[in-house]
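The values are calculated or read from the model by the stated rules, or taken from the named source; none is laboratory data. Remember, it's a predicted structure, so these values are computed and weren't measured experimentally. Don't worry about glycine lacking a Cβ; one is built from the backbone with ideal geometry, like all the others, and counts go over all protein chains shown. These area figures cover heavy atoms from the full protein model, side chains too; ligands, DNA and RNA do not enter into them. Shrake-Rupley method; radii C 1.70, N 1.55, O 1.52, S 1.80 Å.
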Amino acid sequence: MLTTTQQKPLSYSGPIGVFDSGYGGLTILREFQRVLPAYDYIYLGDNARAPYGSRSFDIVYRFTLEAVNELFARGCPLVILACNTASAKALRTIQQNDLPGIDPSRRVLGVIRPTVESLPDHTRNGHVGLVGTPGTVGSRSYELEIEKLHPDFKFSAHSCPMWVPLVENGEADKPGADYFVRQEIEALTRLDGEIDAIILGCTHYPLLINKIKKYLPTNVALIKQGEIVAASLADYLRRHPEMERRLTRGGTTEYLTTEDAAKFSSMASIFLDSDIKAEQITL
């Protein structure tokens, strides 16, 4: 593990760091690579301690800060929390309490705000639903952000504790997934029968997209975060040239995991549709 005392000075340049508790953030990274292919990236998955969805605020914050510090120490001026649970439970504290002491010129961004900002593009009647992990739903982060940006919207949320295990165990397209997907979609729509847009509030969920569509009315829009967050990052870099100039451009990606590297490399191919080679590290 690299410590904060080993971090580079304010003037350095480096790759964009992308953090997730496991594999799901690879769906965000894939869109970054598609929309912004010139930049270098380091992806870090804390697979050894995943999932984060049911963990407490304090634990998620501590684990996320350790990962952010690791990416900073490896030269990243900018880190994206490509994890809804980490964005919900740790982002604000890291931005407000930790960054000023670590390096006020660095930035840590999340996935919740850009997703909420995009909602008017997806809903016609302002009735929005969310499916997410227990941690994301329980944090009320989406609810509070929607109240702030879109106070006229009606918001309903439902947690889906079995969906991440389905994806990570290779069951996303198997018949057994239908029961769990149908059960949770029906539970959400019972909360509000007028929902016309649903946020997939976990980066694993796009791999269940075919099953989700099977049990949704055709007029309900599914909001996938990858495209939204990638477009938001591109816009952020246009508006912040001082950060954009600090990002290296070699079109490379380095993959780090706290779990077995061979296992991560094999599983990552499900999310990326390409073969990669990961390195195992300790946080």
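Some points to look at:
- Residue check for LEU200: crowded, with 18+ Cβ neighbours inside 10 Å and at pLDDT 95 or above: yes
- Flag if GLY45 is of a type outside the set (S, T, N, Q), within 15 Å of the chain's Cα centre (by Cα) and modelled with pLDDT under 95: no
- Restricting the search to helices (runs of 4 or more DSSP H) fully inside the range 122-193 and requiring at least 1 residues that are open to solvent by 70 Å² or more (accessible area, probe 1.4 Å) and either within 22 Å of VAL111 (Cβ to Cβ) or of a type in the set (D, E, K, R) (or both) gives 141-149, 176-191.
- Pairs, first on the phi > 0 side of the Ramachandran plot in the range 70-96, second surrounded by fewer than 24 Cβ atoms within 10 Å (Cβ to Cβ), C-beta under 6 Å, six or more apart: GLY75/LYS8; GLY75/GLY14
- Residue check, ARG113 in contact (Cβ under 8 Å) with a residue 24 or more places away in the chain, of a type in the set (Lys, Arg) and under 23 Å from THR253 (Cβ atoms): no
- Scanning the range 255-283 for residues that are of a type in the set (Gly, Ala, Ser) and surrounded by 14 or more Cβ atoms within 10 Å (Cβ to Cβ) yields a count of 4.
- Helices (runs of 4 or more DSSP H) wholly inside the range 1-117 containing at least 2 residues that are open to solvent by 30 Å² or more (accessible area, probe 1.4 Å): 26-35, 57-73, 99-102, 112-117
- Yes/no for TYR39 being in contact with a Leu (Cβ under 6 Å, 6 or more places away or on another chain), modelled with pLDDT of 95 or more and under 26 Å from THR133 (Cβ atoms): no
- Looking across the range 134-158 at every residue that is in contact (Cβ under 8 Å) with a residue 60 or more places away in the chain and out of contact with any Cys (no Cβ under 8 Å at 6 or more places or on another chain), the one that is farthest from SER87 (Cα to Cα) is identified as PRO134.
- So ASP40, is it within 18 Å of GLY250 (Cα to Cα) and more than 15 Å from the chain's Cα centre (by Cα): yes
- In the range 231-254, the residues that are out of contact with any Ser or Thr (no Cβ under 7 Å at 6 or more places or on another chain) and either modelled with pLDDT under 95 or open to solvent by less than 20 Å² (accessible area, probe 1.4 Å) (or both): LEU233, ALA234, LEU237, MET243
- Scan of the range 201-246 for residues that are hydrophobic (A, V, I, L, M, F, W, C), closer than 15 Å to ARG113 by Cα and touching a strand residue (DSSP E or B) at 6+ places or on another chain (Cβ under 6 Å), ordered by number: CYS202, ILE223
- A count restricted to the range 119-128 and to residues that are touching a residue at least 60 places away in the same chain (Cβ under 8 Å) and more than 18 Å from the chain's Cα centre (by Cα) stands at 6.
- Residues within the range 78-112 that are over 18 Å from the mean Cα position of the chain (by Cα) and not β-branched (Val, Ile, Thr), tallied: 10
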